[in-house]
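Trainee: The structure under discussion is supplied below as structure tokens; questions concerning it will follow.
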Amino acid sequence: MAETKKITFSQATLEAMQEEMERDDTVFVMGEDIARQGGIFGQFKGLPDSFGSDRVRDTPITETAIVGAAVGAALAGMRPIADMHFADFMLVCGDEIYNQMAKVHYMFGGQKTVPMVLRAPDGLINQAAAQHSQSLEAIFQHIPGLKVVAPSNPADAKGLLKSAIRDDNPVIYFEHKALFNTKGEVPVEEYFTPIGKADIVTEGSDLTIVSYSNCLQTVAKPVAEMAEKEGISVELIDLRTISPIDKDAILESVAKTSRLAIIHEAVKQGGVGGEIAAIVAEEGLDYLDAPIMRFGSPFTPVPFARPLEQAYRLKPEAILEGIKRMF
Amino acid sequence: MCAKAILKEPTIPVKNYDRDLLIELYRKMVSIRLFEQKVEHHFLAGDIPGFVHLYIGEEGIGTGVMANLTKEDYIESTHRGHGHTIAKGADLNRMMAEIFGKKTGYCKGKGGSMHIADFSVGMLGANGIVGGGYTLAVGAALASKLREDGRISVVFFGDGASNRGTFHEALNMAAAWKLPVLFVCENNEWASTTPYLTTTSVADIADRAQGYGIPGYMVDGNDVLSVYETSKEVVDYIRSGNGPVLLECKTYRIKGHFVGDPEKYRTKEEVQEVFDNNNPINRFEEKVIEAGVLSREDLDAVYGEVEAAIEEAVRYALESPEPDPSELFDDLYV
């Protein structure tokens, strides 16, 4: 077993940046409040001390130009990391993401790569409400040319970020805001978490649960533990990469367990769960002994008031009831 | 420092120009004109699919600006991008092949007229999104600043595109960071089918520079020597580390928004009058002949060479294979 140390998710992403910026001077980072403030989640703290304010660059409040400039810098041979402050703000710069960042490699016939990373803190934190709480991964899963990752723990946060920085494709890196302060064991030696590979968190024989990001920790794991107590052996898969999706891992697991549940924080309608369910329905229907179940947030914007936000949040107990009906 | 927008008249007498430079300016303008006439012909004949937007009548701008750039400098172009691409030094055969959707084109047939790029000459791409190029040019300039490689970035856009939010975000970012970017507005008076003054709050786009604390210039875009001289001044200014400049080139869109545009929004007479009196190629010919620097025979010789090159480009495109369906997934990911 390799040596590990216990650090926060935030610290893990910082180490990834430090290591990659030391190794490669074409890597630089820009975003709002990242240099002087160290990022609103502390994920850039100390970085300007090592690399200066040219390579750790405070931008104007101008998401469109941040993403566009990152694309342009990538086309000119750099490896930019652009920080979106909140994932919600990516919707301000739709053209730069959908039409430029995602497409220029393909539509220019592969002449130039776009090796950039878009860091996007997403998801529910306490009462941040409708425009600071969204989970948007499904939107970007729909766009060819992008890679989309969403780590659930500090080790993957570091490993996926390092992989993303070295990847020659544009990568959107969703980092759940509620995860930043969580701690976990991270290898001391250099390592990479491969993009496109799901992780089997626990092996099981009766039911496959696919989840990712914070929801894996706070919802899917408790559900799996409760199910185990009910005598259901759960194989829990951490998707880790939203696009390209690891179909093989999902299909292999369902072939073994014959049942599939997908749990994500994003609203259920049009979510990643629908894609996974469709993949299994198309390519693994014969494996199934029960209908696929999807669990996602209700189809509303995230409300502000505490009782409403509580009503919005996924409830492991309710999900367990749904899962029991699969047997 | 804000410079008030001024209409620069050419100050260098034509006879003082280097003869080779004049020939090169002429060659580029004629290349663009004849290339696009062939594109128009073959589009109307049904040989070219998609949408095609022509630069005819605006050749003096791309030609005059690009004559001040090196191969290493970056440009971002527009949906009306053939002229910029030719002026930056792209290969005519591969351009024509791309427009025909052929495998031998710059983008292996994946881009078409609106998505040509030639990274080998610093041409970072045309853009089907109006205003899509500004922020990318700013990013390329940021890369140059971080690397201290001495390159500048030039982004071309129309008067209509200057109303996009990206224009303002890009100008602010470039100005705040003193990035080496030249913003070139080709004011051809038409935002798609709408006269620009009906939807734009200022008569001169160059005035908008003042809002960002950078110099704004205006120039007669149909006079290639004015464009050349003014852009030389601003390119030197930018290359010396002074930050961005906004250069507005006044011109007129001779062709419709796209080939096939019924042009119900203006009269044929209006267009013909501008073309007769303000055709940048004719104006250039008159000037250089009058100054005695180049003769009609010199110009005809260049014209003939370009004609042959364009014929060859069309032949190359027509004879090139289409991409194979199996190439659909090529270049989706690296």
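The values are calculated or read from the model by the stated rules, or taken from the named source; none is laboratory data. Predicted model only: the values in this text are computed from it and were never measured. No Cβ is skipped: glycine too gets one built from the backbone with ideal geometry, and neighbour counts run over all protein chains shown. Heavy atoms of the whole protein, side chains included, go into the accessibility calculation; ligands, DNA and RNA do not. Shrake-Rupley method; radii C 1.70, N 1.55, O 1.52, S 1.80 Å.
Trainee: I'd like the full set of residues that are in a helix (DSSP H, G or I) and either touching a helix residue (DSSP H, G or I) at 6+ places or on another chain (Cβ under 8 Å) or free of Cβ contacts under 8 Å to residues at least 60 places away in the same chain (or both), limited to region A:181-225.
Mentor: Within region A:181-225, A:SER213, A:ASN214, A:GLN217, A:THR218, A:VAL219, A:ALA220, A:LYS221, A:PRO222, A:VAL223, A:ALA224, A:GLU225 meet the criteria.
Trainee: Here's a follow-up. Quick test for you: out of A:LEU124, A:LEU118, pick the one residue that is assigned to a loop (DSSP other than H, G, I, E, B) and either among the charged types (D, E, K, R) or crowded, with 24+ Cβ neighbours inside 10 Å (or both).
Mentor: Within the list A:LEU124, A:LEU118, the selection yields A:LEU124.
Trainee: Of all residues in region A:288-311, which are crowded, with 17+ Cβ neighbours inside 10 Å and not acidic (Asp, Glu)?
Mentor: Selection gives A:LEU288, A:ILE292, A:MET293, A:ARG294, A:PHE295, A:GLY296, A:SER297, A:VAL302, A:PRO303.
Trainee: Assuming A:PHE192 fulfils every condition listed in (1) crowded, with 21+ Cβ neighbours inside 10 Å; (2) of a type in the set (A, V, I, L, M, F, W, C); (3) farther than 22 Å from A:ALA277 by Cα apart from one, which condition is it?
Mentor: (1)
Trainee: Now a separate question. Give the residue, chosen from B:GLU285, B:GLU327, B:GLU312, that is within 14 Å of chain A (Cβ to nearest Cβ), in contact (Cβ under 8 Å) with a residue 12 or more places away in the chain and of a type in the set (Asp, Glu).
Mentor: Selected residue: B:GLU327, the only one of B:GLU285, B:GLU327, B:GLU312 that is within 14 Å of chain A (Cβ to nearest Cβ), in contact (Cβ under 8 Å) with a residue 12 or more places away in the chain and of a type in the set (Asp, Glu).
Trainee: Count, please, the residues in region A:226-249 that happen to be in contact with a strand residue (DSSP E or B) (Cβ under 8 Å, 6 or more places away or on another chain), farther than 20 Å from A:GLN141 by Cα and not in a loop (DSSP other than H, G, I, E, B).
Mentor: 5
Trainee: Okay, moving on. Could you give every pair whose Cβ atoms fall below 8 Å, whose first residue belongs to region A:23-34 and is away from chain B (no Cβ under 13 Å), and whose second residue is open to solvent by 30 Å² or more (accessible area, probe 1.4 Å) and not in a loop (DSSP other than H, G, I, E, B), counting only separations of at least 6 or pairs across chains?
Mentor: Listed by first residue and then by second, the contacts come to A:ASP33/A:ASP58; A:ILE34/A:ASP58.
Trainee: Could you tell me how many of the residues in region A:113-143 are farther than 13 Å from A:PRO301 by Cβ and touching a strand residue (DSSP E or B) at 6+ places or on another chain (Cβ under 9 Å)?
Mentor: Qualifying residue count for the region: 16.
Trainee: Given the residues A:GLU275, A:GLU228, which is the only one that is open to solvent by 80 Å² or more (accessible area, probe 1.4 Å) and touching a helix residue (DSSP H, G or I) at 6+ places or on another chain (Cβ under 9 Å)?
Mentor: Being open to solvent by 80 Å² or more (accessible area, probe 1.4 Å) and touching a helix residue (DSSP H, G or I) at 6+ places or on another chain (Cβ under 9 Å) holds for just one of A:GLU275, A:GLU228, which is A:GLU275.
Trainee: Between a residue in region B:76-99 that is over 20 Å from B:GLU312 (Cα atoms) and modelled with pLDDT of 95 or more and any residue that is among the charged types (D, E, K, R) and in a loop (DSSP other than H, G, I, E, B), which pairs come within a Cβ distance under 8 Å, given they are 6 or more apart or on different chains?
Mentor: Close Cβ pairs satisfying both conditions: B:ARG80/B:GLU58.
Trainee: Here is a follow-up. Just give me the residues in region A:101-115 being more than 7 Å from every other protein chain (Cβ to nearest Cβ), farther than 20 Å from B:GLY165 by Cα and either part of a helix (DSSP H, G or I) or in contact with a Ser or Thr (Cβ under 9 Å, 6 or more places away or on another chain) (or both), in sequence order.
Mentor: A:PRO115
Trainee: Has region A:7-14 got any residue that is at pLDDT 95 or above and closer than 28 Å to B:GLU72 by Cβ?
Mentor: Within region A:7-14, none of the residues are at pLDDT 95 or above and closer than 28 Å to B:GLU72 by Cβ.
Trainee: Right, something else. If I ask for residues that are within 10 Å of chain A (Cβ to nearest Cβ) and either touching a Lys or Arg at 6+ places or on another chain (Cβ under 8 Å) or part of a loop (DSSP other than H, G, I, E, B) (or both), which ones from region B:171-191 would you list?
Mentor: Matches in region B:171-191: B:LEU171, B:TRP177, B:LEU179.
Trainee: Now for a separate question. Within region A:56-63, is even one residue touching a Leu at 6+ places or on another chain (Cβ under 9 Å), crowded, with 19+ Cβ neighbours inside 10 Å and in contact (Cβ under 8 Å) with a residue 40 or more places away in the chain?
Mentor: Among the residues of region A:56-63, not one is touching a Leu at 6+ places or on another chain (Cβ under 9 Å), crowded, with 19+ Cβ neighbours inside 10 Å and in contact (Cβ under 8 Å) with a residue 40 or more places away in the chain, which makes the answer no.
Trainee: Looking at the structure I just gave you, is A:TYR98 out of contact with any Leu (no Cβ under 7 Å at 6 or more places or on another chain) and either open to solvent by 10 Å² or more (accessible area, probe 1.4 Å) or within 14 Å of chain B (Cβ to nearest Cβ) (or both)?
Mentor: yes
Trainee: Is it the case that region A:244-256 has a residue that's touching a residue at least 60 places away in the same chain (Cβ under 8 Å) and open to solvent by 50 Å² or more (accessible area, probe 1.4 Å)?
Mentor: The answer is yes; a qualifying residue exists.
Trainee: Enumerate the helices (runs of 4 or more DSSP H) found wholly within region B:253-334, keeping only those where 1 or more residues are in contact with a helix residue (DSSP H, G or I) (Cβ under 8 Å, 6 or more places away or on another chain).
Mentor: Correct list: B:280-291, B:296-319.
Trainee: Kindly indicate which of B:PHE284, B:PHE329 is aromatic (Phe, Trp, Tyr) and touching a Phe, Trp or Tyr at 6+ places or on another chain (Cβ under 7 Å).
Mentor: After applying the criteria, what remains is B:PHE284.
Trainee: Now a separate question. Among the residues of region A:160-171, which ones are in contact (Cβ under 8 Å) with a residue 60 or more places away in the chain and of a type outside the set (D, E, K, R)?
Mentor: Answer for region A:160-171, where residues must be in contact (Cβ under 8 Å) with a residue 60 or more places away in the chain and of a type outside the set (D, E, K, R): A:LEU160, A:LEU161, A:ILE165, A:ASN169, A:PRO170.
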